[in-house]
Amino acid sequence: MFGALRSPRNIVFGNGHRFALGRYVAKLGARALVVTDARMAGDANFAAMVATIRSAGVAVRVYDGVAAELPAECIEAGVEAGRDAATDVIVGIGGGSCIDAAKVIALLLTHGGAMDDYYGELRIPGPILPVVAVPTTAGTGSEVTPVAVVADPGRAVKVGIASPYLIPETAICDPELTLSCPPGLTAASGADALVHAIEAFTNVRRTDTAAMTLEHVFVGKNALTDQHALGAITSIGRSLVAAVRTGDDLAARSDVMMGSMLAGLAFGSAGTSVCHAVQYPVGALSHTAHGLGVALMLPYALQFNRRYVAEEIATVGQLMGFANPNDQTDAAVDRAIDGIAAVIAEIGIPTSLEEIGIESKNLPWIAEQALGAHRLIKNNPRPVDRAGMDQLVAAAFSGERCSISFPVQPAAKAS
Ligand SMILES: NC(=O)c1ccc[n+]([C@@H]2O[C@H](COP(=O)([O-])OP(=O)(O)OC[C@H]3O[C@@H](n4cnc5c(N)ncnc54)[C@H](O)[C@@H]3O)[C@@H](O)[C@H]2O)c1
């Protein structure tokens, strides 16, 4: 049995725990840069959290210039603000964009250089300024993950920086902060978390070597990530629809936030795969939310992978209430994929690439870009070649899941 998990030093979860923020920050530094966006900067909860930092004796500079998609300029301005304030601790408050911005600002303040010096895996040379992350959406899991996703003006699709040094020191997850998320945001971010958990659980299981956790950030499905992925699927499966439908259902909000954090722990070591690889070019063309794109792809990816991870898909179906315990038949896999597709449709996620404005002429470019995301493609349980990727995106474009075919002889699974 092999297990690998990386996580923050502290994970604090619960209603009202945002008020512990100041004391956690004070343990790490004397001058904090708080990174957020303009919407959050005007929120009463934000003012209250900043007040806790000040009353813990820490000087605060607020940088509220985080913009959607994290363009380089908004990161540069944040680095400038941090340098100017001689910052020694970074606090990210907001959705995944604000937390990713906080991580990258901490990186550049510590090691200098430009964002593209660090693209890919394991290119950060050492520890970065400590980051405290306070998510206000329940989705990305960025508060616990070793990755930040940014937009580069020189590249067509968003790009990741992945290193254990990017993991925040402390994550404070307070479900009350998600009560203000409108249904569309709750759906897209919650579905993002569901995809993180399911991809982590259905990813390839690699043959482990003593060096692999030192040479890779994402090491594939393993015994420790499975525990967190299964917890995430259970929580999100139980409560995502309720959180979208009834935004003030705090119990459902808590379940989805717990699920998104657990999913972050799972995929932060196991990695994600084809849903994410396809979303990057699709998001660049359609300007749709990351969570919407990955969730749209999920039923197609499961159909594509079903011969390789039938047992895992049946287990997901059981946890989400679509299949009977211990039923691992082909029919159970069908029920699982149909059930997941139904939940995704029920929360308002579009069901085909055509529906979000992708044109058939874009499909070859999408397939090419997705295949180029090696760090993601290598995690998929079914090996993906160009013909397979073309088939996957064509099915997602037309909405015809059953058009996906399988190689005659699926490869044996690594144990
Ligand atoms: N680092 C990771 O591990 C990781 C994982 C997945 C996705 N991501 C990245 O995270 C980003 C998406 O993050 P996201 O889905 O959290 O959305 P987001 O951070 O982009 O925020 C989307 C919108 O929701 C608003 N918002 C945030 N919290 C709110 C609240 N409580 N109430 C009302 N509005 C609120 C924001 O102001 C913004 O306008 C993408 O850039 C994606 O690439 C990162």
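The values are calculated or read from the model by the stated rules, or taken from the named source; none is laboratory data. Keep in mind it's a predicted model, so treat the numbers as computed, not measured. Neighbour counts run over all protein chains shown; Cβ positions are idealised from the backbone, glycine included. Calculation scope for accessible area: heavy atoms of the full protein, side chains included, ligands and nucleic acids excluded. Shrake-Rupley method; radii C 1.70, N 1.55, O 1.52, S 1.80 Å.
Are there any pairs, at least 6 apart or on different chains, whose C-beta atoms fall under 9 Å, with the first in the stretch 306-318 and over 13 Å from V204 (Cα atoms) and touching a residue at least 40 places away in the same chain (Cβ under 8 Å) and the second in a helix (DSSP H, G or I) and open to solvent by 20 Å² or more (accessible area, probe 1.4 Å), and if so, which?
Partner pairs satisfying both residue conditions: T315/L230; V316/L230; V316/G237.
How many of the residues in the stretch 118-129 are open to solvent by 30 Å² or more (accessible area, probe 1.4 Å) and touching a strand residue (DSSP E or B) at 6+ places or on another chain (Cβ under 6 Å)?
2
Among the residues of the stretch 38-51 satisfying the criterion of being within 12 Å of the ligand (Cβ to nearest atom) and surrounded by 22 or more Cβ atoms within 10 Å (Cβ to Cβ), which is nearest to V159 (Cα to Cα)?
Within the stretch 38-51, the match that is nearest to V159 (Cα to Cα) is M40.
Out of V89, V62, I need the residue that is touching a strand residue (DSSP E or B) at 6+ places or on another chain (Cβ under 6 Å), within 16 Å of the ligand (Cβ to nearest atom) and not small (G, A, S). Which one?
After ruling out the rest, the residue left standing is V62.
Each row is one residue, and each column tells you yes or no for (1) closer than 25 Å to A148 by Cβ; (2) crowded, with 22+ Cβ neighbours inside 10 Å; (3) within 12 Å of the ligand (Cβ to nearest atom).
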residue	(1), (2), (3)
L177	yes, yes, yes
L185	yes, no, yes
G190	yes, yes, yes
E199	yes, yes, yes
H228	yes, yes, no
G231	yes, no, no
G237	no, yes, no
A242	no, no, no
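Do we find a residue being surrounded by fewer than 21 Cβ atoms within 10 Å (Cβ to Cβ) and not hydroxyl-bearing (S, T, Y) anywhere in the stretch 301-308?
Yes, some residue in the stretch 301-308 is surrounded by fewer than 21 Cβ atoms within 10 Å (Cβ to Cβ) and not hydroxyl-bearing (S, T, Y).
V147 passes all but one of (1) more than 26 Å from G3 (Cα to Cα); (2) surrounded by 22 or more Cβ atoms within 10 Å (Cβ to Cβ); (3) near the ligand (Cβ under 10 Å from one of its atoms); which number fails?
(1)
Given (1) over 20 Å from A243 (Cα atoms); (2) within 13 Å of the ligand (Cβ to nearest atom); (3) of a type in the set (G, A, S), identify the lone condition not met by G291.
(1)
For the stretch 130-137, state whether one or more residues are at pLDDT 95 or above and surrounded by fewer than 24 Cβ atoms within 10 Å (Cβ to Cβ).
yes
Report the residue count in the stretch 96-117 for those that are open to solvent by less than 20 Å² (accessible area, probe 1.4 Å), out of contact with any strand residue (DSSP E or B) (no Cβ under 6 Å at 6 or more places or on another chain) and near the ligand (Cβ under 10 Å from one of its atoms).
1
Of the residues L250, L285, which single one is within 16 Å of the ligand (Cβ to nearest atom), more than 21 Å from D174 (Cα to Cα) and surrounded by fewer than 24 Cβ atoms within 10 Å (Cβ to Cβ)?
L285
It is to be established whether one or more residues within the stretch 68-77 are within 12 Å of the ligand (Cβ to nearest atom), on the phi > 0 side of the Ramachandran plot and modelled with pLDDT under 95.
yes
Please find, among T207, T202, the residue that is modelled with pLDDT under 95, within 29 Å of L392 (Cα to Cα) and polar (S, T, N, Q).
T207
Checking M297 against (1) open to solvent by less than 10 Å² (accessible area, probe 1.4 Å); (2) touching a residue at least 60 places away in the same chain (Cβ under 8 Å); (3) over 15 Å from I404 (Cβ atoms), only one condition comes out false. Which one?
Exception for M297: condition (3).
Within the stretch 52-64, identify whether any single residue is within 21 Å of A151 (Cβ to Cβ) and either loosely packed, with under 14 Cβ neighbours inside 10 Å or not polar (S, T, N, Q) (or both), and answer yes or no.
So far as the stretch 52-64 goes, yes, one or more of its residues are within 21 Å of A151 (Cβ to Cβ) and either loosely packed, with under 14 Cβ neighbours inside 10 Å or not polar (S, T, N, Q) (or both).
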